[in-house]
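Have a look at the structure below, then the notes.
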Amino acid sequence: MSRTEVPVPGADARGLSAALAAKIRDEIEREGGWIDFARYMDLALYAPGLGYYSAGSTKLGPAGDFITAPELSRSFGRAFALTVDAELAAIGARDVVELGAGSGALAAQLLDTFAKLGREVRYEIIEVSADLRQRQQRTLAPFAGQVHWLDRLPETPFPAVVVANEVLDALPVTCFTIDDGEPRALGVVADGEGFAWRAGGSHSELTAAVRSIELALQRALPNGYRSEVCLTLPAWFRALGAVLERGSLLFADYGLVRSDYYHEQRAEGTLVCHYRHRAHDNPFAYPGLQDITAWVDFSACADAASAAGFDVAGFTTQGHYLLSVLAALPPELAVDLKSPREQSAMKTLILPGEMGERFKVLLLRKNVRGPELPGKDFRHRL
């Protein structure tokens with residue numbers, strides 16, 4: 001989709017985007033005319049007051065740019081709650097931490113299910129967006145007193161279960177291309193009032209990351225190949241490992257294992273943008289008004305988590321996971337699958353051609369032994 005095919009936003013939104021674009025151009029100028037794409041993505045998503053997740057636009061749901069599993073069906077939250085409940089029991093803890101709680105729909109579903117299960121929890125949300133935090137507070141008003149918002153991870157280690165739905169895909173990535181056998185960073189330059197791609201040089205961190213990918217693949221990436229890598233992933237998991245005395249991480253996101261992510265036929269990478277429920281590949285269209293994501297390399301997540309002290313306790317597709325959990329739901333948690341709306345939602349969540357295959361569920365544990373993650377075990381593919 002070209003920029004001209006992206007719906008034109010209103011005047012106020014265009015003004016917000018123009019302000020962010022000016023901020024990004026100033027940074028490009030300060031950095032000598034070029035910045036790494038990871039920095040552009042970080043500014044476009046998180047610049048205070050202007051970035052996509054920091055400004056006030058509606059992001060999730062029918063009126064936003066994309067919809068997530070909890071907005072589609074409370075079955076997703078029911079399933080997650082049962083897994084989290086089992087992890088809390090194994091840990092002997094009552095703290096649940098959600099990273100990037102979006103609209104608050106998942107938190108509401110988890111807390112409602114915990115109440116039905118008789119599980120008392122202390123629910124903490126780490127949310128960088130003031131706008132989303134306000135929306136979460138409205139959504140979670142019935143659970144006032146149980147939910148607390150944090151600006152960052154606690155400094156003192158404690159036992160907990162950490163959950164995150166569609167968070168890993170929003171971590172800024174470095175884009176690269178292979179030029180004469182060498183990985184070169186693809187960065188951003190100013191182009192009139194907008195921005196454009198420009199290849200930069202190689203640097204040691206990117207080169208080491210790409211060589212590690214090639215070593216795992218047992219083949220070199222071909223010349224002209226273009227993709228992305230999240231260089232901050234090891235530090236991100238180290239931060240989680242440092243704060244968890246013992247605990248579990250439960251993630252759901254769209255992504256691939258390394259061999260599929262860097263397949264020779266996937267030669268243009270996985271970067272995708274969402275604006276008003278339209279997916280396209282132009283990250284420079286109206287910065288600050290659209291979501292920018294990359295598919296998750298779950299093999300890289302597993303490696304980074306292992307290095308940070310976690311064990312990979314489970315990995316499966318969302319379809320396998322939901323089918324396994326929902327088939328065993330106790331009657332008091334059952335969802336009415338007779339309604340056309342719920343049937344449609346379940347098809348979207350479970351079918352391979354929809355979210356069922358593209359989305360994966362990853363369970364990581366530190367100093368914990370617990371039950372198997374429901375669904376077919378695909379850890380061997382990592």
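For Ala199, the residues whose amide H sits under 5 Å from its own are Gly187, ignoring neighbours fewer than 5 places away on the same chain, with H placed 1.01 Å from N. When only alpha carbons of segment 325-380 are considered, Rg and Dmax amount to 14.3, 43 Å. Phi-derived couplings, Karplus 6.51 cos²θ - 1.76 cosθ + 1.60 at θ = phi - 60°, listed residue by residue for segment 365-372: 9, 10, 6, 9, 10, x, x, 5 Hz, with x used for Gly and Pro. Under the simplified labelling scheme, the Arg14-Glu214 pair shows an inter-label distance of 4.6 nm, with each label point 7 Å from Cα along Cα→Cβ. Measure nothing but the geometry: give the 0 to 90° angle between the long axis through the Cα atoms of 130-139 and the longest principal axis through the Cα atoms of the chain, rounded to 10°. Rounded to the nearest ten degrees, it is 20.
Grab the DSSP H runs of the chain that are 4 residues or longer, score each as -39,500 (n - 2.57), total them, divide by all residues and round the 222 nm result to the nearest 500 deg cm²/dmol.
Numbers: 13 runs with 139 residues, N = 382.
The helix contribution divided over the chain gives -11000 deg cm²/dmol.
Judged by the mean number of other Cβ atoms found within 10 Å, the most tightly packed of the peptides 313-325, 14-26 leads the ranking 313-325, 14-26. For the peptides 358-366, 220-228, 150-158, 253-261, the ranking by mean Cβ contacts within 10 Å, running from highest to lowest, is 358-366, 253-261, 220-228, 150-158.
Taking the C-alpha atoms only, the angle from helix 105-117 to the longest principal axis of the chain is near 20 degrees. Helix 204-217 against the longest principal axis of the chain: what's the angle in degrees, Cα atoms only, rounded to the nearest 10? The answer is roughly 60 degrees. Would you please give the residues with an amide H less than 5 Å from that of Asp95, counting only those at least 5 places away or on a separate chain, with H modeled from the backbone geometry? Residues meeting the criterion, in which the H sits 1.01 Å from N, are Arg122, Val161. Taking amide H atoms as placed 1.01 Å from N in the peptide plane, the amide H of Phe284 has no partner under 5 Å among residues 5 or more positions away or on other chains.
Converting phi to 3J(HN,Hα) with the Karplus coefficients 6.51, -1.76 and 1.60 and the offset θ = phi - 60°, segment 285-290 yields 7, 6, x, x, 9, 10 Hz in sequence order, with x at every glycine or proline.
Percent of C-alpha pairs per 10 Å bin in the chain, short distances first: 5, 23, 32, 27, 11, 2, 0.
Taking the number of Cβ atoms within 10 Å of each Cβ as an exposure proxy, the fewest-first ranking of His274, His203 is His203, His274.
Rule-based calculations on the coordinates, nothing more; no lab input. Values in this document were obtained by computation on a predicted structure and should not be read as measured data. Using ideal geometry, Cβ is built from the backbone for each residue, glycine included, and neighbour counts are taken over all protein chains shown.
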